[in-house]
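*Asks:* The following block contains the structure, expressed as structure tokens.
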Amino acid sequence: MKVIKRDGRAVDYDRSKIKIAIEKANKEVTAKQKASKDDINGIIEYIESLDKKRMLVEDIQDIIEEKLMELDKYELAKKYIVYRYTRALVRKSNTTDESILGLIRNENKELAEENSNKNTMLASTQRDYIAGEVSRDLTKRLLLPEKISKAHEEGVLHFHDADYFIQPIFNCCLINIEDMLDNGTVMNGKLMESPKTFQVACTITTQIIAAVASNQYGGQSVDLKHLGKYLRKSYDKFKQELTEEYKDKLSEELIEEITQTRLRTELRQGVQTIQYQINTLMTTNGQAPFVTLFLHLEKDDPYIKENAMIIEEVIKQRYEGIKNEKGVFITPAFPKLVYVLDEHNCLKGGEYDYLTKLAVKCSAKRLYPDYISAKKMRENYEGNVFSPMGCRSFLSPWKDENGNYKFEGRFNQGVVSINLPQVAIVADGDEEKFWKLLDERLELCKEALMCRHYALLGTKSDISPIHWQYGAIARLPKGEKIDKLLYGGYSTISLGYIGIYEMTKLMKGVSHTTPEGHDFAVKVMKHLKETVTRWKKETNIGFALYGTPAESLCYRFARIDKERFGTIPDVTDKGYYTNSYHVDVREQIDAFEKLRFESEFQSISTGGAISYIEIPNMRHNLKALEDVVKFIYDNIQYAEFNTKSDYCHVCGFDGEIIINDNLEWECPNCGNKDKNKMNVTRRTCGYLGENFWNEGKTKEIKARVLHL
């Protein structure tokens, strides 16, 4: 017989557990009320005589209570009932008190590190976190089925963003900025008409971004190609004004020159408005908006020249950075930048290669932008190129009633992630058990995701007018439900996953970069993809497979599993699980091979995927970085660079820490020489394989070149 536990797991029936439970209650009653060994065996034999293949643990407990009362063991039955009720209360206990008080006292380290963009010292941020903790507690105790809450606590799955689940709001989206700018929008009951100039268009865009961020919990993306027409409007306005005023006094050439000068000023100020507004506006979440700017030049765009100018200015200003309170230029967290590589700018002699060279220079200093290959994306998304939602989550292709693909104005309903290494730990190398357990837990994930869906179902457009009534997502009438946007694949709902590498090591004893490991990992990935495809057909809801970018979840799952299953070499002993399908950071693999290998997994994980390249300080070797960017275009859909940049903790300087004549690290801004108060990247020649830092190589340090 199989016993179905509260979290939905099926475990083997164990008669000793019934005996232990009754004997615990026996200890708390008088001798007359105690159940004898024969009484206990009789209860056990009755349960077994039912000859059922599956029983709920609650049904077994009900039978025990009934049998004890039939034996006139009322006091014992009462003790058993009270014990059972007490255990239920423990499972449902309110856990917010210490968490909230720890937050106020700035002692809640987990919350403080959860979101690098939130400062838990601020009252506004604390207010959002307090609301979030209350939501998380109510979600766990009341809003979710007990088996899902238990599965979340035990690391079977992760129910993302429980701190916002109490509200009918969604995850992330692509703002339909074209509609909102062209047709106007409404904010706080005030009409904002279509802008007449680029500067005004930039201002309205940032106001839209802030309003959208305040009414959802995930990221958002804006495609800057829609601003090109407004730069053209500014040009036409300046040209007309100058022509009308000076046509008889100045030559056409001089009028054009002055027009271009004014336009460049307008361009610089407009982009500066976007950058500074995003970084200085605070949403009701107590943080700057989590927004991504999509930098894409489309070949047939009538405003391609203007959009090239906008992209160039955005990258230049990102390269420069933003001054912090000490006046030092630093890299802002937002907006994220995603730059599209296409035929005309993939560093193969295209007209817009100069933009990509500028982007590479910016990446070497600021790590942004990220890169999308239009070539590879078209292969994966029916010929389309579009922005990720916020940063890494992708929509599935969807066509409107006219048969046209539509991406902007769509959104993600929410995410639940499965802990793949834990499935492998429990399976203990038994593949038959692995696949059976995987399917059981996937169904549990589906049930958790449906909770996300049902939480949105029936929501009226009035909950967030900026989203549902005034164009960010739709233009529904007041009072209308959003339900039609939750079906048919218009919006997605995502199954995330963590730890393909560790899962493969546990089941096959090798990494997924080996032939045997690769075949098993791909088989699992394809099974995940087939499962969400089946769910989509069964429900008419846009289920998608999402390579979860939740770095903190990699640590949470590993911590839980270490506590539950102990130290497992190369699995729980590291303190983290490898994100999604990524190659483990300790593997001996160069950047190019890593990208080539992970590309196959990206094409399966179409609901969201990105690959990271760990790079050293590349500011003095841009050619090497350009080679990687060219490789990205031909080999992988989405990649970003990652490194630990130099940083001075004394003054906040975010640049390159110099090495003075005494071979000491020195901050060029404040003169700090204390290594303990600065982060310093490894100085390398630009080789993108495995690099090691060697403190003893003083000559090479001084030359800032290491060949090891």
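The values are calculated or read from the model by the stated rules, or taken from the named source; none is laboratory data. Everything numeric here is computed off the predicted structure, so don't read it as measured data. With ideal geometry, Cβ positions are generated from the backbone for all residues, glycine too; neighbour counts draw on all protein chains shown. The protein model used for the area step is the full one, side chains on, heavy atoms only, and it has no ligands, DNA or RNA in it. Shrake-Rupley method; radii C 1.70, N 1.55, O 1.52, S 1.80 Å.
*Asks:* Residues of the stretch 549-563 being small (Gly, Ala, Ser) and crowded, with 17+ Cβ neighbours inside 10 Å, which ones?
*Replies:* ALA550, ALA558
*Asks:* Take the stretch 193-211 and flag every residue that is in a helix (DSSP H, G or I) and open to solvent by less than 10 Å² (accessible area, probe 1.4 Å).
*Replies:* PHE198, ALA201, CYS202, THR205, THR206, ILE208, ILE209
*Asks:* Does at least one position in the stretch 566-583 carry a residue that is surrounded by 20 or more Cβ atoms within 10 Å (Cβ to Cβ), hydrophobic (A, V, I, L, M, F, W, C) and within 28 Å of GLN413 (Cβ to Cβ)?
*Replies:* Looking for residues that are surrounded by 20 or more Cβ atoms within 10 Å (Cβ to Cβ), hydrophobic (A, V, I, L, M, F, W, C) and within 28 Å of GLN413 (Cβ to Cβ), one finds none in the stretch 566-583, hence no.
*Asks:* Spot the failing condition for LYS365; the list is (1) over 21 Å from the mean Cα position of the chain (by Cα); (2) closer than 25 Å to PHE290 by Cβ; (3) modelled with pLDDT of 95 or more, and only one is missed.
*Replies:* Of the numbered conditions (1) over 21 Å from the mean Cα position of the chain (by Cα); (2) closer than 25 Å to PHE290 by Cβ; (3) modelled with pLDDT of 95 or more, the odd one out for LYS365 is (3).
*Asks:* Something else now. Is it the case that some residue within the stretch 404-411 is without any contact (Cβ under 8 Å) to a residue 60 or more places away in the chain, in a loop (DSSP other than H, G, I, E, B) and more than 20 Å from GLY547 (Cα to Cα)?
*Replies:* Yes, some residue in the stretch 404-411 is without any contact (Cβ under 8 Å) to a residue 60 or more places away in the chain, in a loop (DSSP other than H, G, I, E, B) and more than 20 Å from GLY547 (Cα to Cα).
*Asks:* For the condition in contact with a strand residue (DSSP E or B) (Cβ under 8 Å, 6 or more places away or on another chain), open to solvent by less than 10 Å² (accessible area, probe 1.4 Å) and in a loop (DSSP other than H, G, I, E, B), what is the one hit in LEU337, LEU297?
*Replies:* The match here is LEU297.
*Asks:* So in the stretch 319-334, with the set limited to residues that are hydrophobic (A, V, I, L, M, F, W, C) and open to solvent by 20 Å² or more (accessible area, probe 1.4 Å), which one is farthest from the chain's Cα centre (by Cα)?
*Replies:* Going through the qualifying residues, I end up with PHE329.
*Asks:* How about the stretch 367-399: which of its residues are among the aliphatic types (A, V, I, L, M), part of a loop (DSSP other than H, G, I, E, B) and either touching a Lys or Arg at 6+ places or on another chain (Cβ under 9 Å) or open to solvent by less than 20 Å² (accessible area, probe 1.4 Å) (or both)?
*Replies:* Listed by number, the residues that qualify are VAL385, LEU395.
*Asks:* Return the residues of the stretch 20-33 that are in contact (Cβ under 8 Å) with a residue 12 or more places away in the chain, part of a helix (DSSP H, G or I) and open to solvent by less than 90 Å² (accessible area, probe 1.4 Å); say none if nothing qualifies.
*Replies:* Selection gives ALA21, ILE22, GLU23, ALA25, ASN26, GLN33.
*Asks:* When the residues of the stretch 228-248 are narrowed to those that are over 20 Å from LYS305 (Cα atoms) and in contact with a helix residue (DSSP H, G or I) (Cβ under 8 Å, 6 or more places away or on another chain), which ends up surrounded by the most Cβ atoms within 10 Å (Cβ to Cβ)?
*Replies:* LEU242
*Asks:* Among the listed residues SER214, SER251, SER221, identify the single one that is among the polar types (S, T, N, Q) and crowded, with 22+ Cβ neighbours inside 10 Å.
*Replies:* Among SER214, SER251, SER221, only SER221 is among the polar types (S, T, N, Q) and crowded, with 22+ Cβ neighbours inside 10 Å.
*Asks:* Do we have ILE463 as in contact (Cβ under 8 Å) with a residue 60 or more places away in the chain, of a type in the set (A, V, I, L, M, F, W, C), surrounded by fewer than 23 Cβ atoms within 10 Å (Cβ to Cβ) and closer than 28 Å to LYS140 by Cα here?
*Replies:* The answer is yes for ILE463.
*Asks:* Please verify whether ALA364 is in a helix (DSSP H, G or I), in contact with a Pro (Cβ under 6 Å, 6 or more places away or on another chain), surrounded by 21 or more Cβ atoms within 10 Å (Cβ to Cβ) and in contact (Cβ under 8 Å) with a residue 24 or more places away in the chain, treating the condition exactly as stated.
*Replies:* no
*Asks:* Just the residues that are at pLDDT 85 or above, among the acidic types (Asp, Glu) and under 21 Å from LYS2 (Cα atoms), please, taken from the stretch 54-87.
*Replies:* Selection gives ASP59, ASP62, GLU65.
*Asks:* Just to be sure I understand the filter: pairs with C-beta atoms under 6 Å, separated by 6 or more residues or on different chains, first member in the stretch 210-236 and over 23 Å from MET187 (Cα atoms), second member in a helix (DSSP H, G or I) and open to solvent by 20 Å² or more (accessible area, probe 1.4 Å). Which pairs pass?
*Replies:* From residues that are over 23 Å from MET187 (Cα atoms), the pairs are GLY228/GLU306; LEU231/GLU306; ARG232/GLU306; SER234/GLU266.
*Asks:* Residue pairs, Cβ under 6 Å, 6 or more apart or interchain, first in the stretch 292-320 and closer than 16 Å to GLN269 by Cβ, second surrounded by fewer than 18 Cβ atoms within 10 Å (Cβ to Cβ). List them.
*Replies:* Going by the 6 Å Cβ cut-off, the qualifying pairs are GLU306/ARG232.
*Asks:* Same structure again: Could we say that GLY509 is touching a Pro at 6+ places or on another chain (Cβ under 9 Å) and surrounded by fewer than 22 Cβ atoms within 10 Å (Cβ to Cβ) here?
*Replies:* When the stated conditions are applied, GLY509 does not pass them.
*Asks:* Let me ask another. Taking ILE613, is it open to solvent by 10 Å² or more (accessible area, probe 1.4 Å), aliphatic (A, V, I, L, M) and either over 24 Å from PRO515 (Cβ atoms) or in contact with a helix residue (DSSP H, G or I) (Cβ under 6 Å, 6 or more places away or on another chain) (or both)?
*Replies:* Considered against the rule, which asks whether it is open to solvent by 10 Å² or more (accessible area, probe 1.4 Å), aliphatic (A, V, I, L, M) and either over 24 Å from PRO515 (Cβ atoms) or in contact with a helix residue (DSSP H, G or I) (Cβ under 6 Å, 6 or more places away or on another chain) (or both), ILE613 comes out as no.
*Asks:* Please work out which residue is modelled with the lowest pLDDT, limiting yourself to the stretch 584-610 and to residues that are open to solvent by less than 40 Å² (accessible area, probe 1.4 Å), more than 22 Å from LEU395 (Cα to Cα) and charged (D, E, K, R).
*Replies:* By that ranking, first place goes to GLU587.
*Asks:* Before we move on, is ASP182 part of a loop (DSSP other than H, G, I, E, B) and out of contact with any helix residue (DSSP H, G or I) (no Cβ under 7 Å at 6 or more places or on another chain)?
*Replies:* It is false that ASP182 is part of a loop (DSSP other than H, G, I, E, B) and out of contact with any helix residue (DSSP H, G or I) (no Cβ under 7 Å at 6 or more places or on another chain).
*Asks:* Looking at the stretch 34-53, which of the residues that are within 51 Å of the chain's Cα centre (by Cα) and open to solvent by less than 40 Å² (accessible area, probe 1.4 Å) is farthest from MET1 (Cα to Cα)?
*Replies:* The extreme case among them is ILE43.
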